[in-house]
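Since the structure comes first, as structure tokens, the remarks are kept for the end.
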Amino acid sequence: MATVTNPSTVSAGSLTAKALREATFTAVMTFFMFVLFIGLKTDQNMRNELILVPRWGLLATFVAIAFFGRFAMVAWLQPWRAASKAAKDAAPADTSDAGFVKRNFSKLAILALVLYPPIILWLFGAQGSLKYIDNFGIQILIYVMLAWGLNIVVGLAGLLDLGYVAFYAVGAYSYALLSINFGFSFWILLPLAGILSAFWGIILGFPVLRLKGDYLAIVTLAFGEIIRLVLINWQDVTQGTFGISGIPKITLFGIPFDASPHGFAKIFHLPMSSAYYKVFLFYLILLLCLLTAFVTIRLRRLPIGRAWEALREDEIACRSLGINTVTTKLTAFAIGAMFGGFAGSFFAARQGFVSPESFVFLESAVILSIVVLGGMGSLTGIAIAAIAMVGGTELLREMDFLKAVFGPDFTPELYRMLIFGLAMIIMMLVRPRGFVGSREPTAFLFERKSVSGSFTKEGHG
């Protein structure tokens, strides 16, 4: 009698075998990659000798996570994604109107941000809300503004910039030096810092007019390092590695946030608290972010915005259309640098201290990662990516319960870059075009349609 074989059983068995093979290979690779970083730790004994402390339990945890993660991806996640994609392709096109939340997402997000400080103050009180307003509010909005500024250069104009933190530093040091030495207020120095950063953006733009791709990235990376080294070595002006301290705080139309009789709390008969200043800074950086988004959206609809997108898609075709690529590149660098200068001046006023250590290459890499992760050219996606990356990093500081899993010596924030790298890899596998890989183009014929990132270069839309 002939043996009848069920194809679904064979395919399921082969898929499980494939998942086990790949999971085993991943576990072995994880063991060899992390044995020197996780499994062995250098320490000093009582005689001040360097010794190796084994941490095999922690290493085994990482290997097990890699094994089960790869197994789940091959056995369940990839088939589920393939089936979902096939069902989506086979389903008829959805012609129904978007829902209320989707149509008004931006307005609802702005309303939520406006209500965020009062809700936090009501839930945690004046002193308990400082951490949430500062670390999970102001810090995230600073990176949102920086990423939106870099989005003009990378996402719209297609110019890979790895030295964007240089403009951030120019804005911060401009505010610090001019406010201390000349006594200018924040409201005067904010536009001045943006103008100075835009000037440096033009200076960077001139040497790189003929460069593209990897060559452009190397030159911009060098420019960022040059600015940082100048800040370190020009000690007569920048104080070198010691940094500049005592930077004046921002005032509310001349009203300081201090304990003086003319301070904010005394004038409005409120109890003394530093929470008022943090709330004021939150709304100020929120207004700066909204200004950045408004200018970006308006510029995209103007001829200069169309020229940026044409330059991004094909520079040769852009020239053949009669577009001046020189001015197009310079305006992209200048406007993107200007918003970086705005964020830098706010950063200096918020911190009260600046040093070259705040403007290392890692900052540029994080800002660029936010732009790529969110979907280049998408303001909404970039904002979501900034919340996930910066907020996730801050959230690691609160995860003390992980010590019960990985041991009492485990410090979650020390592994933030490792976790961030793993999250980037997973994100690029699941959504290679970023959080928002499709958006509506600025120019359309007869009908406005959302363009999928799979049909456009780098998901620009």
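Here are some notes:
- Around the Cα centre of segment 10-82, unit charges on the Cβ atoms of Lys, Arg, Asp and Glu (plus for the first two, minus for the last two) sum to a dipole of about 180 debye.
- Prolate/oblate/rounded label for segment 221-308 (Cα gyration tensor, a/c 1.5): oblate
- Here, the chain is characterised by an Rg to Rh ratio of 1.02, where Rg is the alpha-carbon radius of gyration and Rh the Kirkwood radius.
- Among the listed pairs Lys102/Lys212; Lys131/Lys266; Lys18/Lys85, those beyond 30 Å (Cα-Cα): Lys102/Lys212
- Positive-end residue, segment 10-82 charge dipole about Cα centroid, Cβ charges, pick of Gly69, Ala17, Phe37: Ala17
- Restricting segment 233-341 to chymotrypsin sites (Phe, Trp or Tyr not before Pro) that sit in a DSSP loop and have at most 12 other Cβ atoms within 10 Å of their own Cβ leaves Trp234, Phe253, Phe268.
- Distance from the Cα centroid of segment 154-221 to that of segment 302-351 is 12 Å (rounded to whole angstrom).
- The value of relative contact order for segment 10-82, using C-alpha pairs under 8 Å at least six residues apart, is 41 percent.
- Think of the chain as a dipole: +1 on every Lys or Arg Cβ, -1 on every Asp or Glu Cβ, centred on the Cα centre; then among Ala222, Pro256, Leu113, Leu113 lies furthest on the positive end.
- Relative contact order of the chain: 20 percent, from C-alpha pairs under 8 Å at least 6 residues apart in sequence.
- 3J(HN,Hα) from dihedral phi, segment 254-270, Karplus parametrisation 6.51/-1.76/1.60, rounded to Hz, x for glycine, proline: x, 8, x, 9, 9, 8, 6, x, 9, x, 4, 5, 5, 5, 9, 6, 10
- Under the span-like rule (Cα at least 30 Å along the axis, Kyte-Doolittle mean at least -1.0), DSSP H helices of the chain: 7-34, 105-128, 275-301, 325-351
- Simple Cβ-charge dipole of segment 283-431, Lys/Arg +1 and Asp/Glu -1, about Cα centre, in debye nearest 20: 600
- Sum of -39500 (n - 2.57) over DSSP H runs of 4+, divided by residues of the chain (222 nm, nearest 500): -20000 deg cm²/dmol
- Basic side chains Lys and Arg get +1 at the Cβ, acidic Asp and Glu get -1 at the Cβ, and with that the dipole of the chain about its Cα centre reaches some 860 debye.
- Shape of segment 10-82, Cα gyration tensor, a/c cut at 1.5: prolate
- Three-way shape call for segment 106-157 based on the alpha-carbon gyration tensor, with the a/c threshold at 1.5: oblate
- 5 angstrom amide H check on Leu40, placed H, neighbours 5+ away: Arg55
Throughout, read-outs are computed from the coordinates displayed, never taken from laboratory work. In this text, all values refer to a predicted model and were calculated from it rather than measured experimentally. Glycine gets a Cβ as well: all are built from the backbone with ideal geometry, and neighbour counts include every protein chain shown.
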